[in-house]
1. Condition first: closer than 30 Å to SER586 by Cα, touching a helix residue (DSSP H, G or I) at 6+ places or on another chain (Cβ under 8 Å), in a strand (DSSP E or B) and in contact (Cβ under 8 Å) with a residue 24 or more places away in the chain. Can you find one or more residues in region 489-506 that meet it?
2. Answer yes or no: is there a residue in region 388-405 that is in contact with an Asp or Glu (Cβ under 9 Å, 6 or more places away or on another chain), open to solvent by 40 Å² or more (accessible area, probe 1.4 Å) and outside any helix (DSSP H, G or I).
3. So, in region 266-293, exactly how many residues are buried (at least 18 other Cβ atoms within 10 Å of the Cβ), at pLDDT 75 or above and assigned to a loop (DSSP other than H, G, I, E, B)?
4. Given (1) open to solvent by 10 Å² or more (accessible area, probe 1.4 Å); (2) modelled with pLDDT under 85; (3) in contact with a Ser or Thr (Cβ under 8 Å, 6 or more places away or on another chain), identify the lone condition not met by VAL176.
5. Within the group THR757, THR697, which residue is of a type in the set (Ser, Thr, Tyr), at pLDDT 80 or above and within 30 Å of ALA627 (Cβ to Cβ)?
6. I'd like the full set of residues that are assigned to a helix (DSSP H, G or I), among the aliphatic types (A, V, I, L, M) and open to solvent by less than 30 Å² (accessible area, probe 1.4 Å), limited to region 648-705.
7. In this structure, is SER528 modelled with pLDDT of 85 or more and either acidic (Asp, Glu) or surrounded by fewer than 13 Cβ atoms within 10 Å (Cβ to Cβ) (or both)?
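The values are calculated or read from the model by the stated rules, or taken from the named source; none is laboratory data. What you are looking at is a predicted structure, and each value in this text was computed from that prediction instead of being measured. Quick reminder, even Gly has a Cβ in these numbers, built from the backbone with ideal geometry, and neighbours come from all protein chains shown. Side chains are part of the model used for accessible areas, which takes the heavy atoms of the whole protein and leaves out ligands, DNA and RNA. Shrake-Rupley method; radii C 1.70, N 1.55, O 1.52, S 1.80 Å.
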Amino acid sequence: MTEDVDQGRSQQKMPGLLPQRQTGILLAVTKQFLSQRGLANAKPFLESRLTTNVDVHSIISDRSSACHIQLVPAYEDYEYVQDGDIIIGGLFSVNYLMGSLAVSEMAHQHPLVCMVPLSQLYRNLQIFLFTIDQLNKDQSLLPNLTVGYHIYDPCAHPMKAIRNVLQMLSGPGATVPNYSCKRNWRLTGFIGDQSSTTTLPIAELLAVHKYPLISYGATLSSSSSPRFLRTIQNDGETFPGLIKLLKYFGWNWVGIIGTNDESGEREASLLKRILKQHDICVGFEATETFTTLDKKTPDDPMNDGILRKLSVQVAIVCGTYQELVLGTKIRKFLEGMTIIWAPSWAPHIVLLKKYPKVFNGSLSLEPRSWVTTEYQHFIDGFYPLKRPKDLLLQSLWMVNFHCLSGNREKDKLYKAFYKISLRNCTGLESIPGTWNIISDEMFDPVYDAVWLMAKALNPLNLSINDWYGNEASYRNQLRRNLKRVVYRGHSVNNEAGELITKYSFYNNIISNGRLLRVPVGVFRPYSSENNRTFVNLSLITWKTINNEIPKAWCTESCLPGSRKIQNRRKTLCCYGCLPCSEGEISNRTDSENCMKCPDHQWPNDNKTECKSKRVDFLSYTEDKISAIVIAGSVFFVIVTGFILGIFVLYRKTPIIKANNRNLSYVLLISIMLSFLCVFLFLGRPVDGTCMLRQISTGILLSISVSSLLAKTIMVYIAFKATKPGSVWRTWTGVKVPNYVLLTCSSVQVVICMCWVTLSPPFQEVDTQTYNDKVMVQCNEGSNLWFSSVLGYMGILATVSFILAFLARKLPDTFNEAKYITFSMLVFCSVWIAMIPAYLSTRGKYMVAVEIFAILTSNAGLLGCIFLPKCYIILFKPELNTRKHLLETKNTMSHH
């Protein structure tokens with residue numbers, strides 16, 4: 001490879017012709033961009049020797065002829081030229097500061113001077129040269145053609161970028177628009193630059209001449225334009241990668257540090273808008289935090305407001321790169337933060353060496369950049385001793401190793417600017433700036449830009465000799481080819497003019513004095529949502545104590561089981577936490593609202609999940625009430641059976657025959673069945689048991705009360721029949737009590753049948769009464785029919801009680817009327833007390849009340865009616881004789 005590296009080429013005036021209209025367009029475009037962007041970045045520096053107060057009109061001036069442009073010369077133009085069959089123009093900003101060197105009174109005669117060369121940006125130039133070298137060695141893509149280049153360092157300044165483009169278009173000598181003094185100089189297209197600040201104006205300028213431009217670093221979203229292509233994504237596509245990173249760590253309270261220029265303001269504004277869309281708040285936004293080298297570095301009072309926002313633990317740096325000097329306060333403030341570099345700043349993490357306490361442990365997002373072994377061998381030859389004409393390499397050696405250049409004026413300039421002393425060097429020192437991983441694959445925006453241009457040139461290869469006279473046609477065809485090229489399996493996005501690129505997250509750390517860049521994740525802008533981002537947390541080294549993840553939120557997160565409550569006086573991310581209301585849950589951190597559980601579910605104790613409600617009913621096995629009920633029911637059934645056995649055994653005795661033995665049997669059997677009905681109230685209710693429990697209870701109790709009513713009537717008839725000639729004698733047979741029993745019981749049976757037919761009871765699941773449980777219970781179907789059953793039973797009991805009360809003093813051998821009176825008094829009292837208790841309870845307790853009423857009322861009947869008789873039968877047998885019965889009757893008749 002042959003190179004021609006010149007130190008400020010001599011300018012020769014070359015005649016050229018240009019139509020008046022095209023010249024006007026070119027001048028208008030050039031002046032517009034220089035006036036809008038160039039002067040905003042021009043700053044005085046280097047005491048009185050170096051100044052950037054350069055008037056645009058002194059740089060570009062329309063002399064006597066409209067086709068001539070007078071440009072201020074450069075002190076060192078940093079030009080790289082290699083001839084070839086086709087030429088690719090390149091703009092690679094390696095220096096990041098530019099001004100004018102005052103050598104005369106006239107400002108327009110002050111040469112432009114570039115300062116602050118950065119080794120990590122020089123790497124872009126190295127990759128370009130390496131890729132061109134690879135293209136020339138590999139003739140498969142462009143056979144029988146050699147690729148040359150014409151490169152300038154625009155020093156990250158739009159004024160010089162415009163100047164360099166015009167120099168490449170015109171060739172050596174006077175800069176004449178649309179005229180080149182070089183013959184056989186096939187300038188096909190351009191690659192560059194690193195920043196949007198320089199890329200935008202040269203894109204407008206080249207669009208006038210239809211030259212294609214591929215940028216490897218411009219990221220401004222507004223620069224998405226068909227006027228140029230780029231091998232990286234714009235900020236609108238890459239900022240979501242930063243958002244994904246913030247979301248991954250749960251950060252929602254960050255700062256934005258931008259640069260005080262147009263690019264910095266645009267990026268900061270876009271980033272702030274995207275952060276807001278994803279509910280991430282900006283704790284502070286500062287564009288004056290970083291002080292450039294051309295300013296003094298006092299601790300500006302304007303930063304005090306920023307310094308008070310100590311809760312911010314993460315800051316994102318965006319905008320146009322500037323070499324920085326940090327004041328003491330700012331530096332102390334940033335030392336407590338984790339810095340995230342936006343893609344536009346990511347190539348410049350060399351600042352980590354300058355301010356390790358500030359930038360150590362930082363994260364950056366940038367296009368994946370790998371180094372092949374071939375590239376490593378290629379750059380091994382980049383030493384001043386081997387490349388004496390490479391002025392950029394010489395400047396890097398002066399800055400990094402304080403080496404003398406051999407040019408006294410340049411040495412004096414660098415000594416004054418950097419305040420350093422220079423020494424003689426060997427020229428073989430190792431240049432810093434290559435920290436990437438060795439790999440078998442080359443993947444870099446600059447590398448991709450060159451190959452993209454070469455692939456677009458491939459279809460034009462056979463007709464390249466017809467270039468002259470058809471330059472415009474070939475340029476247009478080349479532009480169209482660029483949009484159709486498929487590279488790495490992807491084509492250029494025609495809307496944004498971007499080549500799909502995979503990005504990497506890097507963790508930048510200082511270890512044993514060495515700068516290490518550890519890839520910790522990937523970001524694929526155009527992949528699906530699930531495959532877009534991956535981060536390996538275990539690979540990240542933080543600057544925090546114990547290597548803990550920084551806590552970048554305004555307030556502590558609201559844990560599951562609570563929700564955020566906004567403080568109106570503060571920003572969205574500063575909030576309080578409020579426990580979820582009863583019946584609601586939140587199952588994620590920082591929930592804005594709590595979710596209500598379904599009817600059949602209820603929150604757990606932490607209110608983090610809904611669980612099935614406890615099913616509540618009077619269980620056979622799980623309730624103590626059930627055990628008591630079962631024991632009581634079984635006991636009374638046994639007692640009733642025992643009494644029934646006594647009555648059957650002593651059925652021929654006077655005390656049993658005295659008051660209708662059959663009614664006693666019916667009463668005992670109905671009482672026994674009523675005790676057994678209690679089991680229908682236990683266990684999980686179903687439609688069948690719901691119908692049977694109420695109907696059977698109502699009918700059996702009605703039979704019991706009807707039997708007592710029949711007994712009471714028989715007492716009254718027996719008393720009336722004792723009078724001589726009484727007509728009541730005809731009613732003393734068995735027919736009357738049987739008729740009373742059947743008639744009164746049948747009415748209740750009819751009521752129950754109508755109830756079952758028209759509106760039967762059914763199983764009901766009550767999810768509303770209690771929050772934490774579901775009650776499985778019986779719905780009576782119709783309160784009217786249920787009330788009718790109870791009401792009719794109450795009427796029978798009331799009539800029986802009244803008749804028994806009226807007949808209590810009538811002569812009777814065994815006081816039957818009195819016992820019936822007491823039994824009805826107990827029966828009515830129990831059921832009257834049961835009604836309010838029944839209505840005031842729910843679920844199984846309502847069932848328990850009804851069971852209690854059934855047991856106590858039947859026990860009252862059993863005790864009041866049958867226990868006195870059993871006592872006489874078992875313990876006073878002498879009273880249960882015919883003789884005693886006759887003596888009692890005689891005594892009564894005598895009275």
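1. Looking only at region 489-506, we keep the residues that are closer than 30 Å to SER586 by Cα, and these are none.
No, there is no match, as no residue in region 489-506 is closer than 30 Å to SER586 by Cα, touching a helix residue (DSSP H, G or I) at 6+ places or on another chain (Cβ under 8 Å), in a strand (DSSP E or B) and in contact (Cβ under 8 Å) with a residue 24 or more places away in the chain.
2. The answer is yes, given that some residue of region 388-405 is in contact with an Asp or Glu (Cβ under 9 Å, 6 or more places away or on another chain), open to solvent by 40 Å² or more (accessible area, probe 1.4 Å) and outside any helix (DSSP H, G or I).
3. Residues meeting the conditions: 1.
4. Failed condition: (1).
5. Working: THR757 fails: within 30 Å of ALA627 (Cβ to Cβ).
Within the list THR757, THR697, the selection yields THR697.
6. Kept after step one, since they are assigned to a helix (DSSP H, G or I), are these residues of region 648-705: 648-649, 654-657, 661-681, 687-705.
From what is left, the residues that are among the aliphatic types (A, V, I, L, M) are 648-649, 655-656, 663, 666-669, 671-673, 676, 678, 680, 691-692, 695, 699-701, 703, 705.
If the condition is that a residue be assigned to a helix (DSSP H, G or I), among the aliphatic types (A, V, I, L, M) and open to solvent by less than 30 Å² (accessible area, probe 1.4 Å), then ILE655, ILE656, LEU663, LEU667, LEU668, ILE671, VAL678, ILE695, LEU700, LEU701, VAL705 are the ones that fit.
7. Numbers: modelled with pLDDT of 85 or more: no; either acidic (Asp, Glu) or surrounded by fewer than 13 Cβ atoms within 10 Å (Cβ to Cβ) (or both): yes.
No; evaluated as a whole, the condition is false for this residue.
Yes/no matrix, rows are residues, columns are (1) under 60 Å from the mean Cα position of the chain (by Cα); (2) at pLDDT 85 or above:
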| site | (1), (2) |
| --- | --- |
| ILE851 | yes, yes |
| ALA859 | no, yes |
| PHE875 | no, yes |
| LEU885 | no, no |
